[in-house]
Amino acid sequence: MKGHSYLPSLPENTVRNIAESIATAVGDEIVADVQSKRLITQNGTNGRIWDIIHTNLFNVFRDSTITARPSRRGIWEFLPFFDKQTGVLYCCMKEKNFKRLSKMETNKRNNHYLAAIAYSFNSDLPDFEQQLSLFPREDSFDERAISQVIGQILSDLSIPASIVRRHGLILFQNELGQLLSLHCCAINSSFKIVDSQNWSEFIPVMDSVVVETNLDPHDPHNNPTHHLSLSKKATNRIGRESSILPLSSDSVKKNDNK
């Protein structure tokens, strides 16, 4: 892989493992997870996908030069991981979420853990907008809050700040159960991408092996009239109409795009 001036490269095998971990999570694994638990609503599918992504990455980094440990920011748990050979601290994010964050007001954006990481480990990256501006921009960073966020992450990883040389943000896009793009970026504290590596070529071609299933209409748990006494008119109406949509892999995948 081609090297960059701001972002060291990972071995191709490691990148392939990362790509496969994310691709399987947003595809068959989330579908199989929902189907196995017979979930009829999927309000938390997006969060469940992240749990699977983090678990896949944690498992693939066992016995490697990469240390991965869960960390928490508020109610959200994420998985930072650190490559001992390059000194790069990584975390993952959906590209659409990064774009949303970058458009936020500065004060709100700077409360995000990603701002603390970029401020701490990518402070030397150029800010081209600031260089072209006639007026200096004042970014409000709470040094004390940043210290707490970074301290927690490094404590969870059991590493000192002195060995972290850079932060790499892994951005991806997925739709309908497919991983569409994958990039590793170096961002500055203004949430501008200064350097980027295209990892999309390492996305595996994957055919779904999950058998699409529907709710069994004969299962009493799926029968809303079970143990109810209905009139003949109501019974006839139920026989003519079906108000329950089958749960399929497509419905799981569409819900993930919300």
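The values are calculated or read from the model by the stated rules, or taken from the named source; none is laboratory data. Owing to the predicted nature of the structure, the values given are computational and were not obtained by experimental measurement. Please note: Cβ atoms are built from the backbone with ideal geometry, for glycine as well, and neighbour counts cover all protein chains shown.
In the stretch 192-208, what residues are more than 17 Å from the chain's Cα centre (by Cα) and assigned to a loop (DSSP other than H, G, I, E, B)?
Listed by number, the residues that qualify are Lys192, Pro204, Val205, Met206, Asp207, Ser208.
(1) surrounded by 14 or more Cβ atoms within 10 Å (Cβ to Cβ); (2) under 21 Å from Asn198 (Cβ atoms): which one isn't true of Arg73, the others all being true?
Arg73 satisfies all of (1) surrounded by 14 or more Cβ atoms within 10 Å (Cβ to Cβ); (2) under 21 Å from Asn198 (Cβ atoms) except (2).
All but one of (1) modelled with pLDDT under 90; (2) touching a Ser or Thr at 6+ places or on another chain (Cβ under 7 Å) hold for Gln85; state the number of the condition that does not hold.
Looking at each condition in turn, Gln85 falls short on (1).
Could you tell me whether the stretch 126-144 includes any residue that is outside any helix (DSSP H, G or I), touching a Phe, Trp or Tyr at 6+ places or on another chain (Cβ under 7 Å) and either surrounded by 18 or more Cβ atoms within 10 Å (Cβ to Cβ) or modelled with pLDDT of 95 or more (or both)?
no
Of all residues in the stretch 149-174 being in a strand (DSSP E or B) and in contact with a helix residue (DSSP H, G or I) (Cβ under 8 Å, 6 or more places away or on another chain), which is surrounded by the fewest Cβ atoms within 10 Å (Cβ to Cβ)?
Gln173
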